[in-house]
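All remarks here apply to the structure that follows.
The values are calculated or read from the model by the stated rules, or taken from the named source; none is laboratory data. None of these values were measured; they are calculated from a predicted model. Glycine also receives a Cβ, built like all others from the backbone with ideal geometry; neighbour counts cover every protein chain displayed. When the accessible area is computed, the model is the full protein with side chains, heavy atoms only, and any ligands, DNA or RNA have been set aside. Shrake-Rupley method; radii C 1.70, N 1.55, O 1.52, S 1.80 Å.
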Amino acid sequence: MADDMNTPYERQVLRKLKNATLIEGGLIIILLCVVIGMAIALTNKKEETVPAVLEVTEPVQTAPTEAATEHRDSIFLIQDGTNGEIYLPVIPNVPLCKLDYENIVSRNGMLYYLENQEITSKIGIDISSHQGIIDWETVHDAGVDFALIRAAYRGYGSGELLEDERFHENIQGALDAGLDVGVYCFSQALTVEEAREEAELTLSMIGNYEITYPVIFDWEFVSANEARTGNISVTALTDCTVAFCEAVKAEGYIPMVYQNKHTSLFKLDLSRVADYDFWLAEYNEKAGYYYNYDIWQYTDSGSLPGITGKVDLNICFKDYHAEE
């Protein structure tokens, strides 16, 4: 009825609009069908690949636990000041620490190790010319059993090897006061030749003294920009350590390696130095070192009668007199 009221031109336009509407509607219906079909296909695919119930036959462990390290598994945990917790692989054939930290007690600022309620450890200090004049009798009376005395040192910038200015005074004073003594060389060796040179100088300085404690290779990183040792490789440092210790061993003395926890774990091949006694530097209430050590330097800020200023304090777990 409405078409009869329009002109022929208007009726033609209306027919075109109706046809266009029908076409658009058809396209929309087709697109909806396609979308619905794709959704159904994806749903079916998920149902085919994902089971309705996920069965877990055993717990999944994404990282080692501290409990695992207590059983001496293939990894152990350390605390790192930069990265927090770090897990390291256990090195085969390197002796593990057997100390029971519950047996370590503190009295008057010094640490003692007890076995069956008896003290089995020794108290020690390590010193150099930096401590100045030392009253060794007073040090002995304060309860110190042994002293590790610097014999020589190499400059970290110049590379020059020198005797400690107070070595002979210190070692004679310690011996006269009744202390046992060992000696160390502060090394900055880069090569086997330099390490042997350090050992030869140290050995030449101790021949007239009774050395009952080890002769020690003390290699340390120096943070100064001019330090010549900053980029030493693991192989080079280990080669130097072995060269020094073998030279000491050949002369009948007990060789020892001094290191802090991180340098020993990250810059030494411990499998090559496992046969040498180890002196650990770690300034904590309890050492967290995984492997065996014989002496522990537990503070660099101790105080003792007879010494002006701060001094390193040590506890020794090994009876070196028994090895004489």
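For this structure, a couple of remarks:
- Amide H contacts of Phe278 (H built 1.01 Å from N, under 5 Å, at least 5 apart or other chain): Val257, Asp294, Ile295
- For region 218-324: rounded, prolate or oblate by the Cα gyration tensor [a/c cutoff 1.5]: oblate
- Global geometry of region 92-234, whether rounded, prolate or oblate, following the gyration tensor of its Cα atoms and the 1.5 cut on a/c: oblate
- Accessible-area ranking of Arg196, Arg150, Arg228, Arg272, largest first, probe 1.4 Å: Arg196, Arg272, Arg228, Arg150
- Solvent-accessible area of Lys249 with every protein chain in place, 1.4 Å probe, in Å² to the nearest 10: 120
- With a cut-off of 13 Å between beta carbons, the residues surrounding Ser158 carry a summed charge of -1, where Lys and Arg count +1 and Asp and Glu -1.
- Asp141 contributes an accessible area of around 120 Å² to the protein surface, as traced by a 1.4 Å probe with all chains present.
- Across the accessible surface of region 163-322, with the other protein chains kept in place and a 1.4 Å probe, carbon and sulfur atoms take up 43 percent.
- What the Cβ-Cβ distance of Leu99 and Glu160 gives, at R0 = 25 Å and to the nearest 0.05, is a FRET efficiency of 0.05.
- Taking a ≥ b ≥ c as the square roots of the eigenvalues of the Cα gyration tensor, region 248-310 is classed as oblate, since a/c reaches at least 1.5 and a/b does not exceed b/c.
- Inter-centroid distance (Cα atoms) of region 144-160 relative to region 253-291, Å: 18
- Accessible surface, per residue, of region 159-309 when the full set of protein chains is kept, probe 1.4 Å, Å²: 41
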